[in-house]
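Visitor: I'd like to ask some things about the structure below.
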Amino acid sequence: MSVVDGSGKSVGRVHEFAVEVARDGAHVQALILRRREGAKLQEFSLPIASLEQPVTGATKLIAKAAPMPAGEIGDFLLLERDLLDQQIIDVDGHKVVRVNDVNLVWEMAVGPETPLALRIAEVEVGTRGAVRRLFKGLPHGAVTMMSETFSQRAIPWEFVDLIVRDPARRVRLKIEQKRLAKLHPSDIAAILEELAPAEREAIFTSLPEETAAETLEEFEPKVQKELVQGLDSERAADIIEEMDPAAAADLLAELSDEHSEAILEEMEPEERQDVEELLEHEETSAAGRMTTDYVSVLEGATVADTVEALRAFEGDPDTITEIYLLDEAEHLKGVVPLARLLMAQPGTAVATLSEGHNVSCEVNARDSDVAELFDKYNLRSLPVVDKQGKVVGAIHAEQVIAQLLEG
């Protein structure tokens, strides 16, 4: 569109839309205009607030103030340059799509406190937007007629996270990054798998440590290795400390001895010890599959004692379905389902809630033996014992499922 001043003199044509993401990622802050001065095309910036309210059907915009030389755009997002044809994360749809067009909506001023604004309503990711792009420059009516023969696929702007390249050709999330971190780790992993390695790495490193750890567990070993290799040892250690010890050991086993040792040195002593013990075992054995994250109490404990043990548990609470009862020598004496514990009175002896039989396996049991036990006894978890019969870990159902999927 042409932009004219109050006297009707042209001050340029709309070339771009500038969005100051850090301040307001939902609105266009300024129009970038172009006009020819002599043999050169010059660019000017005109804030949206400097426009008169547009009239429906008008072919021109009227500027209330003179545009200023555009100069350096800086951290502004330019919709055509930086958004069209780019990949975006559809946070609501849990996928990566490509932008074909952008739909903008005027928000009319109703007083000095609510000035004229131009809002980014949605992004087009379907054929309709692609057709409009393809025939840009033809008469508006003809383009509209051709494009509207196709159904619209658009994503509301508030459900989008942008992947924007900075001058160093890295990528970073610029809008509502916290919403991405709130997705389920498997959804985040699915999104990142669609991205190129550089984009995947940059977004992964921006996630909070706990979210990054849960997401890392969802990747194939090859992708896990690539992502960890892109981190410094300290950052990698912080993330791996948040992982299930068994998953952390499997990951470190994929790295070079030098890299693995550097990460272990940065880890807290307790977490490092758990992982180092698991690294000593063969991956396809029960000891290689087990985790050291489980909840146990002495066989004389009460329900109240057991609840306190659950509260003190620092692992992933979602994995806990049963509590193991141990004697002073750490031999297995009983297994109590979490549901029974929750329905009992605080003073109840937890041993009275134990199931009638105890099933366990030795550290060197093979994957097939473990899977057979889960199937035969409909287990939720399986205690793993050493040669002396001491409980040293547990295998949860999700780990058996992962093992079967690998097969």
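Visitor: Identify, by number, the condition in (1) closer than 25 Å to F159 by Cβ; (2) open to solvent by 30 Å² or more (accessible area, probe 1.4 Å) that L83 doesn't meet.
Guide: Failing condition for L83: (2).
Per-residue answers, yes or no, for (1) under 29 Å from the mean Cα position of the chain (by Cα); (2) farther than 26 Å from P337 by Cα:
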| position | (1), (2) |
| --- | --- |
| H259 | yes, yes |
| A262 | yes, yes |
| R272 | yes, yes |
| E277 | no, yes |
| H281 | no, yes |
| S285 | no, no |
| M290 | yes, no |
| Y294 | yes, no |
| L298 | no, no |
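Visitor: (1) within 17 Å of G288 (Cα to Cα); (2) surrounded by fewer than 19 Cβ atoms within 10 Å (Cβ to Cβ); (3) not acidic (D, E): which one isn't true of C361, the others all being true?
Guide: (2)
Visitor: In the stretch 243-272, what residues are open to solvent by 20 Å² or more (accessible area, probe 1.4 Å) and touching a Ser or Thr at 6+ places or on another chain (Cβ under 9 Å)? Show your work before the answer.
Guide: Start the filter on the stretch 243-272 by keeping residues that are open to solvent by 20 Å² or more (accessible area, probe 1.4 Å), which leaves 244, 247, 250, 253-254, 256-259, 261-262, 265-266, 268-272.
If the condition is that a residue be open to solvent by 20 Å² or more (accessible area, probe 1.4 Å) and touching a Ser or Thr at 6+ places or on another chain (Cβ under 9 Å), then D244, A247, A253, E254, H259, A262, E265, E266 are the ones that fit.
Visitor: Hey, can you tell me all the residues within the stretch 51-77 that are at pLDDT 90 or above and either surrounded by 15 or more Cβ atoms within 10 Å (Cβ to Cβ) or β-branched (V, I, T) (or both)?
Guide: The answer is L51, L61, I62, A63, P67.
Visitor: Hey, does the stretch 236-246 have a residue that's closer than 30 Å to A351 by Cβ and assigned to a loop (DSSP other than H, G, I, E, B)? Break it down stepwise before answering.
Guide: The first filter runs over the stretch 236-246 and keeps only residues closer than 30 Å to A351 by Cβ, leaving 244-246.
Now narrow it down to the ones that are assigned to a loop (DSSP other than H, G, I, E, B): 244.
Taking every residue of the stretch 236-246 in turn, at least one turns out to be closer than 30 Å to A351 by Cβ and assigned to a loop (DSSP other than H, G, I, E, B).
So that you can scan it fast, the table gives a plain yes or no per residue for (1) at pLDDT 95 or above; (2) hydrophobic (A, V, I, L, M, F, W, C); (3) open to solvent by 60 Å² or more (accessible area, probe 1.4 Å); (4) within 21 Å of E113 (Cα to Cα):
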| residue | (1), (2), (3), (4) |
| --- | --- |
| V11 | no, yes, no, no |
| G38 | no, no, yes, no |
| Q42 | no, no, yes, no |
| A49 | no, yes, yes, yes |
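Visitor: Go through (1) touching a residue at least 24 places away in the same chain (Cβ under 8 Å); (2) surrounded by fewer than 19 Cβ atoms within 10 Å (Cβ to Cβ); (3) of a type in the set (K, R) and name the single condition R200 misses.
Guide: Here R200 meets the rest and fails (2).
Visitor: Next question, about the same structure. Answer yes or no: is there a residue in the stretch 217-232 that is crowded, with 16+ Cβ neighbours inside 10 Å, part of a loop (DSSP other than H, G, I, E, B) and among the hydrophobic types (A, V, I, L, M, F, W, C).
Guide: Within the stretch 217-232, one or more residues are crowded, with 16+ Cβ neighbours inside 10 Å, part of a loop (DSSP other than H, G, I, E, B) and among the hydrophobic types (A, V, I, L, M, F, W, C).
Visitor: Within the stretch 22-34, track down each residue that is more than 13 Å from W106 (Cα to Cα) and surrounded by fewer than 17 Cβ atoms within 10 Å (Cβ to Cβ).
Guide: Within the stretch 22-34, A22, R23, D24, R34 qualify.
Visitor: Identify the residue in the stretch 285-306 that is in a helix (DSSP H, G or I) and modelled with pLDDT of 95 or more and, among all such residues, is most open to solvent (accessible area, probe 1.4 Å).
Guide: Step one: filter the stretch 285-306 for residues in a helix (DSSP H, G or I), giving 286-289, 303-306.
In the following step, the residues that additionally are modelled with pLDDT of 95 or more were identified as 303-306.
On the way: V303: 5, A304: 44, D305: 82, T306: 0 Å².
Checked the stretch 285-306; the qualifying residue most open to solvent (accessible area, probe 1.4 Å) is D305.
Visitor: Follow-up question, since we're still on this one. In this structure, is L264 in contact (Cβ under 8 Å) with a residue 24 or more places away in the chain, in contact with a Lys or Arg (Cβ under 7 Å, 6 or more places away or on another chain) and either among the β-branched types (V, I, T) or assigned to a helix (DSSP H, G or I) (or both)? Reasoning before the result, please.
Guide: Numbers: in contact (Cβ under 8 Å) with a residue 24 or more places away in the chain: yes; in contact with a Lys or Arg (Cβ under 7 Å, 6 or more places away or on another chain): yes; either among the β-branched types (V, I, T) or assigned to a helix (DSSP H, G or I) (or both): yes.
Yes, satisfied.
Visitor: Would you be able to say whether some residue in the stretch 369-386 is touching a residue at least 12 places away in the same chain (Cβ under 8 Å), open to solvent by less than 40 Å² (accessible area, probe 1.4 Å), in contact with a Ser or Thr (Cβ under 7 Å, 6 or more places away or on another chain) and charged (D, E, K, R)?
Guide: Looking for residues that are touching a residue at least 12 places away in the same chain (Cβ under 8 Å), open to solvent by less than 40 Å² (accessible area, probe 1.4 Å), in contact with a Ser or Thr (Cβ under 7 Å, 6 or more places away or on another chain) and charged (D, E, K, R), one finds none in the stretch 369-386, hence no.
Visitor: Looking only at residues in the stretch 310-358 that are outside any loop (DSSP other than H, G, I, E, B) and of a type in the set (S, T, Y), which one is most open to solvent (accessible area, probe 1.4 Å)? Step through it out loud before you land on a result.
Guide: Step one: list which residues in the stretch 310-358 are outside any loop (DSSP other than H, G, I, E, B), which gives 310-312, 317-319, 322-326, 331-343, 349-353.
Checking which are of a type in the set (S, T, Y) leaves us with 319, 324, 352.
On the way: T319: 18, Y324: 4, T352: 100 Å².
The residue in question is T352.
Visitor: Using the structure shown, decide if A58 is of a type in the set (G, A, S) and in a helix (DSSP H, G or I). Explain how you work it out, then say what you get.
Guide: Details: of a type in the set (G, A, S): yes; in a helix (DSSP H, G or I): no.
Criteria not met by A58.
Visitor: Residues being more than 26 Å from the chain's Cα centre (by Cα) and either of a type in the set (D, E, K, R) or more than 20 Å from V21 (Cα to Cα) (or both): count how many of those fall in the stretch 94-118.
Guide: Total meeting the criteria: 7.
The values are calculated or read from the model by the stated rules, or taken from the named source; none is laboratory data. Remember, it's a predicted structure, so these values are computed and weren't measured experimentally. Glycine gets a Cβ as well: all are built from the backbone with ideal geometry, and neighbour counts include every protein chain shown. The accessibility values were calculated without ligands, DNA or RNA, using every heavy atom of the protein model including side chains. Shrake-Rupley method; radii C 1.70, N 1.55, O 1.52, S 1.80 Å.
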